[in-house]
1. Please state which one of Val33, Val50, Val61 is under 13 Å from the mean Cα position of the chain (by Cα) and part of a helix (DSSP H, G or I).
2. For Pro41, only one of the following conditions fails: (1) of a type outside the set (A, V, I, L, M, F, W, C); (2) within 24 Å of Glu94 (Cβ to Cβ); (3) exposed (fewer than 15 other Cβ atoms within 10 Å of the Cβ). What is its number?
3. Filter the stretch 70-123 down to the residues that are of a type in the set (Val, Ile, Thr) and surrounded by 10 or more Cβ atoms within 10 Å (Cβ to Cβ), then identify the one that is modelled with the lowest pLDDT.
4. Six or more apart or on different chains, Cβ atoms under 7 Å: show the pairs whose first residue is in the stretch 7-21 and closer than 14 Å to Lys34 by Cα and whose second is in a loop (DSSP other than H, G, I, E, B).
5. Within the stretch 41-60, can one find any residue that is of a type in the set (Asp, Glu) and either farther than 18 Å from Asn104 by Cβ or free of Cβ contacts under 8 Å to residues at least 24 places away in the same chain (or both)?
6. Kindly list, by first and then second residue, each pair from a residue in the stretch 82-103 that is in contact (Cβ under 8 Å) with a residue 40 or more places away in the chain to a residue that is among the hydrophobic types (A, V, I, L, M, F, W, C) and in a helix (DSSP H, G or I), limited to pairs with Cβ atoms under 7 Å and residues at least 6 apart or on different chains.
7. Looking at Leu45, Leu90, which is the one that is within 22 Å of Ser16 (Cβ to Cβ) and out of contact with any helix residue (DSSP H, G or I) (no Cβ under 7 Å at 6 or more places or on another chain)?
8. Could you please find all residues in the stretch 44-58 being modelled with pLDDT under 85 and surrounded by 16 or more Cβ atoms within 10 Å (Cβ to Cβ)?
Amino acid sequence: MKEFKKGYIRQVLEQSDNALTSDLKGDCLEELVKSLFMQIPGLCLWGKNVVDEYRAQELDVVFENDTRVSELYFMDPLIITECKNTKKPLGSCEVGWFMRKLQNRGNRDIGQLKWHYRETGIG
């Protein structure tokens, strides 16, 4: 597995923090998640910004997990990730919404909520 230098991760997080819109902030985190997870044997990208048939819910990044060879063999065949960059800690509403997304995709018990929060001291 490829090792990532802390500098690379820090650089992507700073790009996310400095992005002008929440969509761009999320895009940076999605690219980081994709870069990190694609290094795990047995995982491949299944889709990015996947919407349901009603276009009511979007999944940020989804990986296919070949549990026969994956180091994450204990997880679902599809690993769903949600990426957030917020100015305040995530609340129960955001976590509950992510859990609902998992349930709507086949009652999955496991997902990855990637959240970057940088306390600014403002406010």
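The values are calculated or read from the model by the stated rules, or taken from the named source; none is laboratory data. Every value quoted in this text rests on a predicted model; they were computed, and no experiment measured them. For neighbour counting, all protein chains shown are included, and Cβ atoms are generated from backbone atoms with ideal geometry for every residue, glycine included.
1. Numbers: Val50 fails: part of a helix (DSSP H, G or I); Val61 fails: part of a helix (DSSP H, G or I).
Going through Val33, Val50, Val61 in turn, just one is under 13 Å from the mean Cα position of the chain (by Cα) and part of a helix (DSSP H, G or I): Val33.
2. Single failed check for Pro41: (2).
3. Applying the first criterion (of a type in the set (Val, Ile, Thr)) to the stretch 70-123 yields 79-81, 86, 95, 110, 120, 122.
Of the ones still in play, those that are also surrounded by 10 or more Cβ atoms within 10 Å (Cβ to Cβ) are 79-81, 86, 95, 110.
Values: Ile79: 87, Ile80: 85, Thr81: 85, Thr86: 76, Val95: 77, Ile110: 55.
Applying the filter and picking the extreme gives Ile110.
4. none
5. Filtering the stretch 41-60 for residues of a type in the set (Asp, Glu) gives 52-53, 58, 60.
When the remaining residues are screened for being either farther than 18 Å from Asn104 by Cβ or free of Cβ contacts under 8 Å to residues at least 24 places away in the same chain (or both), the result is 53, 58.
Yes, because at least one residue in the stretch 41-60 is of a type in the set (Asp, Glu) and either farther than 18 Å from Asn104 by Cβ or free of Cβ contacts under 8 Å to residues at least 24 places away in the same chain (or both).
6. Hits for this filter: Cys83/Leu29; Cys83/Val33; Asn85/Leu29.
7. Values: Leu45 fails: out of contact with any helix residue (DSSP H, G or I) (no Cβ under 7 Å at 6 or more places or on another chain).
Testing whether each residue is within 22 Å of Ser16 (Cβ to Cβ) and out of contact with any helix residue (DSSP H, G or I) (no Cβ under 7 Å at 6 or more places or on another chain) leaves just Leu90.
8. Going through the stretch 44-58, the residues modelled with pLDDT under 85 turn out to be 51-58.
Selection gives nothing.
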